[in-house]
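Reviewing the structure listed below.
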Amino acid sequence: MMKTVKRSISRFFILLVAGILTYGCAAPPLPDLIWPIPPDEPRIKYVKQLTDTESLKEKSAATELLIGSESAEPLKKPNGVFVDSTGKVYVTDTARSEIMKLDTVSKQGAIIGSRLLSKPIGVVADDKGRVFVADSDNKKVWIFTAEGNISDEFLKPDTPFKRPSGIAIDSILKLLYVTDTYDHHIRVFDLETLKQKSIIGWRGREDGLFNYPSFLTVAPNGNIVVSDTQNGRIQIFDSEGRFLRRFGEFGDAPGMFARPKGVAVDSEGHIYVVDAAFNNVQIFDDEGRILMAFSGYGVGRGEMILPAGIAIDKDDYIYVVDSWGRRVEVFEFLGDKHKAREAAKAAKKK
């Protein structure tokens, strides 16, 4: 009797494994997700998602179903994201109080800042490999070495931070910008001396003033693009901190905002704004005119719930934090760089 049961169990397991392997090998590729939909020219394409420290390693569906990814460190509540010039992706996780580092070249993942950070929001790395992390609960900006160790260097603000959140670097002018959300301004630091140089703005609704600013970025032309969250708008300043223009207001029409968060700029100057309430990303030209939007509410491919940070790498791949979905979704801007890559691939085939 027992031998019969064991043989049945063994046969069932063999069939299960065979089925899984067949599924893993024969599953058809999923259709492309693109925005806008035809017949308009596609401009954004969904690529993949990053969920843990093993995300960059290729795994078959069979492997995932059989053994999963128990060795991986999963994201729990991601918030900010940054991609450096060497392809390293840094993701802040406010639930784990850590930074996830993913190297797109070596395909390796690591965790930094364990048992040190409290609520990391913004993250950025400079040309030396130093990693700067805005820790809102600890009211400070931590500095880590390229190896992920805590540095003996530290920022020297004129007065203590109240709630640091967004952080960005101008690698040409060697400046570091930090939004102090509860102080309603941006602090500017010298990247070499780490001393504070100036402050941009204070609380208000007039041009150049802020109401709980959150994320910010430095555009390729050196302009500073700031998400003025509780004023429902985006503000743009030059590299000297002088106000240039603003766009957006509270509302539910295209080009308006409900809860603007992450901001980024691609190589062609388009401005991307994440809206945590609309669960999408809107794209504007450099004058603030709405061009299109992509994504929407959901947990499927290319969808998001409570998105936060955004980053665009040197090849115009777009990384958007889906906080509720516990992942970073990767999209591609189908612009000039994409076309150049496709042309190079076609030339190799000839």
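The values are calculated or read from the model by the stated rules, or taken from the named source; none is laboratory data. Quantities reported herein were computed from a predicted structural model and do not represent experimental measurements. When we count neighbours, we look across all protein chains shown, and the Cβ atoms used for this are built from the backbone with ideal geometry, even at glycine. Heavy atoms of the whole protein, side chains included, go into the accessibility calculation; ligands, DNA and RNA do not. Shrake-Rupley method; radii C 1.70, N 1.55, O 1.52, S 1.80 Å.
Numbers below:
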| quantity | calculated |
| --- | --- |
| Members of the range 191-239 found to be touching a Lys or Arg at 6+ places or on another chain (Cβ under 7 Å), more than 20 Å from Lys261 (Cβ to Cβ) and either of a type in the set (A, V, I, L, M, F, W, C) or surrounded by 15 or more Cβ atoms within 10 Å (Cβ to Cβ) (or both), listed by number | Leu191, Leu194, Gln196, Ile199 |
| Strands (runs of 3 or more DSSP E) contained entirely in the range 215-270, each with at least 1 residues that are touching a helix residue (DSSP H, G or I) at 6+ places or on another chain (Cβ under 9 Å) | 243-247, 260-265 |
| Some residue of the range 66-74 being in contact with a strand residue (DSSP E or B) (Cβ under 7 Å, 6 or more places away or on another chain) and either closer than 17 Å to Ile310 by Cα or at pLDDT 95 or above (or both) | yes |
| Scope the range 125-162; condition charged (D, E, K, R) and outside any loop (DSSP other than H, G, I, E, B); matching residues | Asp135, Lys140, Lys156 |
| Residue check, Phe257 more than 22 Å from Val178 (Cβ to Cβ), of a type in the set (Phe, Trp, Tyr) and open to solvent by 10 Å² or more (accessible area, probe 1.4 Å) | no |
| Where Ala277 falls short, out of the listed (1) hydrophobic (A, V, I, L, M, F, W, C); (2) open to solvent by 40 Å² or more (accessible area, probe 1.4 Å); (3) closer than 22 Å to Phe82 by Cβ | (3) |
| Any hit, the range 75-82, residues being within 16 Å of the chain's Cα centre (by Cα), of a type in the set (A, V, I, L, M, F, W, C), buried (at least 22 other Cβ atoms within 10 Å of the Cβ) and not in a strand (DSSP E or B) | yes |
